[in-house]
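Here's the structure, in structure tokens; my notes come after.
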Amino acid sequence: MMADPVLAKPSGPCCLNGTIHQGESKGKFVTLAGVETYVGTPTKPNGHILLYFPDVWGMFPNGLLIMDGFADAGYLVLGMDYFRGDPVWKHRKDRHDNSDPNFDYEAWKKKHTAFADENVPKWVSAVKEEYGEEQTKYACVGYCFGAPYVCNELAGNTVTAGAFAHPAFLKVHHFFNLKKPLFLSCAEVDHTFDTPSRRRALEILQTEKKPYQLQLFSGVQHGFALRGDLENPYERYVKEQSLKGIVEWFDFWLSQ
């Protein structure tokens, strides 16, 4: 049996940090495959569907606003709350303190990973049945915890292209098994997906001739694409560039 080393580690303490962004989300929640699901509806639809796999903060304002950003680009966006109303931020003492001594982070990850592993495929099938048509094309994006579900979809036949930002929970097989193009939006400083791991992932993608694009930002850390401080001009810039890069990646591949 081939070794399958970890490349992007499980979500760690860095995933508990972040700032909450201001803004009113425009979508709505529905229940799909028994799971609460955010739906971002475009005003100018391009006919494509985007599957959104959240980070450990789940359906929090920043994530909803990012989904609205994809909807503004023309995509019908569906985001799965595989944490079922139990995102990691609910286990903080308050907005500024993530050191709740009663929170068993490892048990939390194990519980929600087991649920997501089993239910993401069912949810994707429900999205296709409820919202898809014969000519519909699909893309998928995942942040942190959501990265392996992007790679799993890219190993199948539903989605045309995928992307992740500051990934977690990835192993070597996730990169070897890709059949569709992958966009990697990464931070220079990321203890979850560090430089040696990133280089190994790129080596696999290059050796196996997998279509990919790497977007790498200096001076930012894990979480930059979702939880950066928007009062900081550079952090705002990289967050916006990540979203823009992913949209342009999808626009290209889904137009082919």
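Summary of computed values
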{"quantity": "Residue match in the stretch 76-98 (condition: more than 15 Å from the chain's Cα centre (by Cα) and under 22 Å from residue 245 (Cβ atoms))", "calculated": "yes"}
{"quantity": "Residue in the stretch 86-99 that is in a helix (DSSP H, G or I), closer than 25 Å to residue 136 by Cα and either among the aliphatic types (A, V, I, L, M) or without any contact (Cβ under 8 Å) to a residue 24 or more places away in the chain (or both) present", "calculated": "no"}
{"quantity": "Residues that are hydrophobic (A, V, I, L, M, F, W, C) and either touching a Pro at 6+ places or on another chain (Cβ under 6 Å) or in contact (Cβ under 8 Å) with a residue 60 or more places away in the chain (or both), drawn from the stretch 193-237", "calculated": "193, 201, 225, 226, 230"}
{"quantity": "Of residues in the stretch 2-57 being among the hydrophobic types (A, V, I, L, M, F, W, C) and touching a Gly at 6+ places or on another chain (Cβ under 7 Å), the one modelled with the lowest pLDDT", "calculated": "14"}
{"quantity": "The stretch 134-181, subset of a type in the set (Lys, Arg) and crowded, with 18+ Cβ neighbours inside 10 Å, residue farthest from the chain's Cα centre (by Cα)", "calculated": "137"}
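The values are calculated or read from the model by the stated rules, or taken from the named source; none is laboratory data. Source: prediction; values computed, not measured. Note that we place each Cβ from the backbone using ideal geometry, even for glycine, and neighbour counts take in every protein chain shown.
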